[in-house]
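Inspection log for the structure reproduced underneath, given as structure tokens.
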């Protein structure tokens with residue numbers, strides 16, 4: 001307590017606190033949700049087992065100096081005999097504040113940690129949308145966003161066709 005009083009008296013505590021890294025989720029929201037059943041009701045007469053395709057994508061943007069939006073989009077296409085039973089696409093978004101984070105840690109934070117926090121919301125929203133069709137729900141499996149992030153880095157490195165560190169868009173090698 002005495003140390004805290006001493007720091008606040010000479011101002012040292014304020015500048016130290018201002019430079020400490022901080023990260024937090026400010027808000028989550030459904031940015032987009034779409035459900036299509038283009039072949040209903042005829043498709044309900046089919047007896048075949050459906051084929052399910054799942055696609056997960058991550059995106060984001062800077063909203064302000066320390067405020068970022070991260071999105072996770074899930075697309076599920078279910079077909080029977082090459083006819084679409086249903087197509088669900090949902091984008092779960094979140095607003096995150098990340099202050100005093102070193103630049104080399106910011107991209108992994110936004111590409112791994114943020115999507116990992118948003119994904120449970122996306123899973124629940126997709127399961128709920130499918131449940132409302134009166135068809136059996138599809139429960140999305142866990143996703144390793146670390147692997148997805150590393151795959152994206154590998155793809156970017158191949159596109160740059162140079163070994164080593166992946167440079168952000170707009171930065172050139174010297």
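How many residues are assigned to a loop (DSSP other than H, G, I, E, B), under 14 Å from residue 114 (Cα atoms) and either touching a residue at least 40 places away in the same chain (Cβ under 8 Å) or in contact with a strand residue (DSSP E or B) (Cβ under 6 Å, 6 or more places away or on another chain) (or both) when one looks only at region 135-160?
The total comes to 1.
Is region 120-139 home to any residue that is at pLDDT 85 or above and touching a helix residue (DSSP H, G or I) at 6+ places or on another chain (Cβ under 7 Å)?
yes
Can you spot a residue in region 158-167 that is surrounded by fewer than 16 Cβ atoms within 10 Å (Cβ to Cβ), within 19 Å of the chain's Cα centre (by Cα) and at pLDDT below 85?
No, region 158-167 contains no residue that is surrounded by fewer than 16 Cβ atoms within 10 Å (Cβ to Cβ), within 19 Å of the chain's Cα centre (by Cα) and at pLDDT below 85.
Being in contact (Cβ under 8 Å) with a residue 12 or more places away in the chain and assigned to a helix (DSSP H, G or I) is the filter here; which residues of region 116-134 pass it?
116, 117, 118, 119, 121, 122, 123, 125, 126, 127, 129, 130
For the condition in a strand (DSSP E or B), at pLDDT 95 or above and under 19 Å from residue 22 (Cα atoms), what is the one hit in 53, 89, 97?
It is 97.
Quick one: residue 113 ticks every box in (1) within 20 Å of the chain's Cα centre (by Cα); (2) in a loop (DSSP other than H, G, I, E, B) bar one, so which box is it?
(2)
Could you grab me the full set of residues in region 59-81 that are touching a strand residue (DSSP E or B) at 6+ places or on another chain (Cβ under 7 Å) and part of a loop (DSSP other than H, G, I, E, B)? Spell out how you get there, then give the answer.
Within region 59-81, the subset touching a strand residue (DSSP E or B) at 6+ places or on another chain (Cβ under 7 Å) is 59-63, 66-79.
Once the filter is applied, which keeps residues that are touching a strand residue (DSSP E or B) at 6+ places or on another chain (Cβ under 7 Å) and part of a loop (DSSP other than H, G, I, E, B), region 59-81 yields 63, 66.
The values are calculated or read from the model by the stated rules, or taken from the named source; none is laboratory data. What you are looking at is a predicted structure, and each value in this text was computed from that prediction instead of being measured. Counting neighbours? That spans all protein chains shown, and the Cβs are built from the backbone with ideal geometry, glycine included.
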